[in-house]
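Just so you know, all these numbers are worked out from the coordinates, no wet-lab data involved. Quick caveat, the model's predicted, so the values are computed rather than measured. Neighbour counts run over all protein chains shown; Cβ positions are idealised from the backbone, glycine included.
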Amino acid sequence: MLTRDDERRGAVKATGPAQEPVDVLGIGFGPANLSLAIALQEDLPQADAFFLEAARNPVWQGGLLLDGSNMQNHPNRDLVTLRNPRSHYSFVNYLFEQGRLIQHLNLPLEFPLRKEYAQYIDWATRQFRSQVAGGARATDIAVAEVDGTPEYVVTCADGSQHRARSLVVGTGRTPFVPAPFDSLDTPRVCHLTQYLHTVRALEEAPRSIAVVGGSQSAVEIVLDLAHRFPQAKIVNYVRKFGLRLKDTSPFSEEGFFPAFTDYYYRADRASKNELDAYMRPTNYSSTDADVLHHLYALIYEQRLDGDQRIFVRGNSEVRTAEADDTGVRLEVEEVHTKDVSSEHVDLVILATGFRDLGPGPRQEAYPAVLAGVIDRFQFDDDGYLVVEPDYQLRPRSDGTPPLFLNGLCESSHGIGDAGSFSLLSLRAATILDGLRKQGIA
C-alpha cells in the first residue's frame, strides 16, 4: 500500500508529455528503466524524465508467475541496493513497509518467490505513475532540429508524440520463436512469456502437450503443466542429450561482477565468443537443482506406478509443425540417428528464450523500435551495433542526440546484461553518468 510520502516521492520530478522536450525519455518501463527512474530521482533530481510503456498495466513476468517458482537471484540484487543501499526502493524496505520483513527472513528459501518480487516491482512502479504513460506503444523514432538543436521525436500507436533531448531504450529482449514455429499463427502455440495467459484461457484440458527447450523455464513449465493437467501426456523436447544442471559455482558467478563486465567489454569478438560459451550454463539451457531433481523424481515415480505421462526427449529437434483445428502435428528428428517421429499435440509451449543483439540467426541486429534512426549509428566489422561502455550507441556523425540501451547489451557487455537483476542498479548508475557527460540536466 502506498503512503502519502510515497506519492510525494514519486512526483519529485514528474514531467508529462508537454510541448517542451524532456531531458530523458525512456521507452519501456520494466525493471531496467524503473531502476533508472529511481537513480534519476535520487541522484539527478533536476532532470526532467518521462517514460512510455506499451502495456497499460504491466506485470513483471506475468506469464511465468508460477506457484512456488523463485527468482534464482539474491534478493539484494534488486532495483537499487548495489547503487544505493540506503534507498527507499530496496526490496528489504519493501518488505518492511508491507510488514513482512521478519516473516520473509524466516522463510526456508534461498531466493525470493517470483510472485513476491513481482509485487515488489509493482510497488516501486506505482510510485512513478505520474512519470509514465501506460498503453503508449512507441512505433516510430525520428530526429528533428528545433532552434538549431537536434532532439528525438517519438510517435506512439495512438498518434501522440513526445520530444526528448536523450532516449533510453529499455524495451526488454524480443522472444525467440524458432523455425518451424515462426511461420505458424495459432493459439495452440505460445512462447513462455504468454504461458499462464494461454493455459488459463483454455476451454478444455489438453490431453497432449509439447514443451520445446531445455531451460529453467522449460522445467518449471513441465512441472506446472503436470500439476494443472495430471492426465495429460507432456513431452519436453531438448536438442542436447538431456537437461543440464545450472553452473552455480561462485567462481562462475563472478561473471555477474562489474569487473567482468569491463573485462568482457574490452575483449575482441573471438574472446567474447569463448567467454560466452563458458558462461552460458550459468544462465541458459540449464536448470537449478531443486526443480531438476523434482522433475526426475516425478518421472521415476510415474514409471514405478506404471503410468508415465511426462517424458524428456533428448537429442530431439522439431523439424516441421503444422497446425489444424484440433492441435499441432510435429515431426521430430533425432539429431544423431536422423530417425524421424510424428506426434499430434493439443498445445505447444516454446521455452526457447530471447534474441540478443547481433547478426546471428538467433539474434536481431537492433531493437525494432529504432528502425527509423538506426542509420545514424555505427556497426562494427562483425555486424554488431557499437555500444559504448556507458551503454550509449555510437553515432556515425554529429547531430544525433544521445541514445542509450538499457538491458539489451549482452553481446557487448556480457552475461551481466542478460536480463537478470544482477547488475541492474549499477547499470542504471553507469547510464546516469553517461547522461551527465552528455550535459543532460
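Among 272, 240, rank each residue by its count of other Cβ atoms within 10 Å, from fewest to most, as a rough exposure measure. Working shown, then result.
Values: 272 20, 240 13.
So the residues, fewest neighbours to most, are 240, 272.
At 222 nm, what helix-only mean residue ellipticity would the chain give, in deg cm²/dmol to the nearest 500, using -39500 (n - 2.57) for each DSSP H run of four or more? Can you show the working numbers first?
Values: 12 runs with 119 residues, N = 441.
It lands at -8000 deg cm²/dmol.
Among 126-133, 227-234, how do they line up by average Cβ neighbours within 10 Å per residue, starting with the highest? Mind dumping the intermediate values first?
On the way: 126-133: 19.4, 227-234: 15.4.
Highest mean packing first, the order is 126-133, 227-234.
To the nearest 20 debye, what charge dipole does the chain have about its Cα centre, counting +1 at the Cβ of each Lys and Arg and -1 at the Cβ of each Asp and Glu?
Working: 44 positive and 60 negative charges, 125 e Å.
The calculation lands at about 600 debye.
Mean projection of the alpha-carbon convex hull of region 296-360 over all orientations, in nm²?
7.1
Which Cα, out of 213, 132, 267, lies furthest along the positive dipole direction of the chain (beta carbon charges, K/R +1, D/E -1)?
The residue sitting most towards the positive pole is 132.
Just to be sure I understand the model, the point goes 7 Å from the Cα along the line to the Cβ. What's the resulting residue 228 to residue 101 distance in nm?
So the label points at residue 228 and residue 101 sit 3.7 nm apart.
Amide H of residue 310 versus every other amide H placed in the peptide plane: which residues, excluding those fewer than 5 positions away on the same chain, fall under 5 Å?
Correct list: 234.
Which is the longest part of the chain that has none of the GluC sites (Glu not before Pro) sitting in a DSSP loop with at most 13 other Cβ atoms within 10 Å?
Values: sites that count: 110, 203, 204.
Longest run free of exposed loop sites: 205-441.
If you line up the Cα atoms of region 117-229 on their principal axes, what length do they span on each, largest first, in Å?
Principal-axis extents of region 117-229 (Cα, largest first): 64, 36, 27 Å.
Between residue 57 and residue 111, what length comes free when the chain is fully extended (0.36 nm per residue of separation minus the Cα-Cα distance, one decimal in nm)? Intermediate values should be presented prior to the final figure.
Details: separation 54, 0.36 × 54 = 19.44 nm, distance 2.60 nm.
Residue separation times 0.36 nm, minus the Cα-Cα distance, leaves 16.8 nm.
Just subtract the alpha-carbon distance of residue 331 and residue 344 from 0.36 nm times their residue separation and send over the number in nm, one decimal.
Numbers: separation 13, 0.36 × 13 = 4.68 nm, distance 0.89 nm.
Using 0.36 nm per residue and subtracting the Cα-Cα distance, I get 3.8 nm.
Would you mind estimating how fast region 387-441 diffuses translationally, via Stokes-Einstein at 10 °C and 1.306 mPa s with the Kirkwood radius over Cα pairs, in µm²/s? Show your work: numbers first, answer last.
Values: Rh = 11.7 Å.
Estimated diffusion coefficient is 135 µm²/s.
Please tell me which of these pairs span more than 28 angstrom C-alpha to C-alpha: 240/272; 115/246; 115/240?
Numbers: 240/272 23 Å; 115/246 22 Å; 115/240 31 Å.
Checking Cα-Cα distances, 115/240 exceed 28 Å.
So between residue 43 and residue 254, what do we pick up on full extension, going 0.36 nm a residue minus the alpha carbon distance? Show your work: numbers first, answer last.
Details: separation 211, 0.36 × 211 = 75.96 nm, distance 2.73 nm.
Length gained, residue 43 through residue 254: 73.2 nm.
Give the calculated FRET efficiency between residue 322 and residue 240 to the nearest 0.05, with a Förster radius of 25 Å applied to their Cβ-Cβ distance. The partial results should precede the final answer.
On the way: r = 25 Å, r/R0 = 1.02.
Plugging the Cβ-Cβ distance into 1/(1 + (r/R0)^6) gives 0.50.
One quarter of the convex hull surface, Cα atoms only: what value does that give for region 146-187 in nm²?
Numbers: hull surface 21.8 nm².
Taking the Cα atoms of region 146-187, their convex hull projects to 5.5 nm² on average.
What's log10 of I(q)/I(0) for region 344-399 at q = 0.22 Å⁻¹, Debye sum over Cα points only, no solvent?
For region 344-399 at q = 0.22 Å⁻¹, log10 I(q)/I(0) is -0.92.
With a Förster radius of 25 Å, plug the Cβ-Cβ distance of residue 202 and residue 182 into 1/(1 + (r/R0)^6) and report the FRET value to the nearest 0.05. Could the numbers behind the result be given before it?
Working: r = 23 Å, r/R0 = 0.91.
Efficiency for this residue pair is about 0.65.
Seen from all sides and averaged, what is the projected area of the convex hull of the Cα atoms in region 109-167, in nm²?
Working: hull surface 24.7 nm².
Computed as one quarter of the Cα hull surface, the answer is 6.2 nm².
When the Debye formula is applied to the Cα atoms of region 153-286, each taken as the same point scatterer, what base-10 log of I(q)/I(0) results at q = 0.19 Å⁻¹?
Listed by q, the Debye log ratios stand at -1.15.
For the pair residue 20 and residue 274, what calculated FRET efficiency results from E = 1/(1 + (r/R0)^6), where r is the Cβ-Cβ distance and R0 = 56 Å, to the nearest 0.05?
Details: r = 49 Å, r/R0 = 0.87.
Taking R0 as 56 Å, the efficiency between residue 274 and residue 20 is 0.70.
To the nearest whole percent, what portion of all C-alpha pairs in region 21-95 is separated by more than 14 angstrom?
68
Normalise the Cα radius of gyration of region 230-345 by 2.2 N^0.38 Å (N = residues in it) and let me know the number.
Working: Rg = 19.0 Å, N = 116, 2.2 N^0.38 = 13.4 Å.
Relative to the 2.2 N^0.38 Å estimate, region 230-345 comes out at 1.42.
Which residue, 295, 107, 426, tops the fluctuation ranking in a GNM of the chain built on C-alpha contacts under 10 Å?
Highest fluctuation among the options: 107.
Relative contact order, percent, of the chain when contacts are C-alpha pairs under 8 Å separated by at least 6 residues? Kindly include the intermediate steps, with their values, before the conclusion.
Working: 841 pairs, mean separation 93.7, N = 441.
After rounding, I find 21 percent.
Once amide H atoms are placed 1.01 Å from N in the peptide plane, what residues at a sequence separation of 5 or more from residue 137, or on another chain, have their amide H within under 5 Å of its amide H?
Answer set, sorted by chain and number: 157, 158.
Rounded to two decimals, what ratio of Rg to Rh does region 332-429 give with C-alpha atoms and a Kirkwood Rh?
Values: Rg = 18.4 Å, Rh = 16.2 Å.
Looking at region 332-429, the ratio lands at 1.14.
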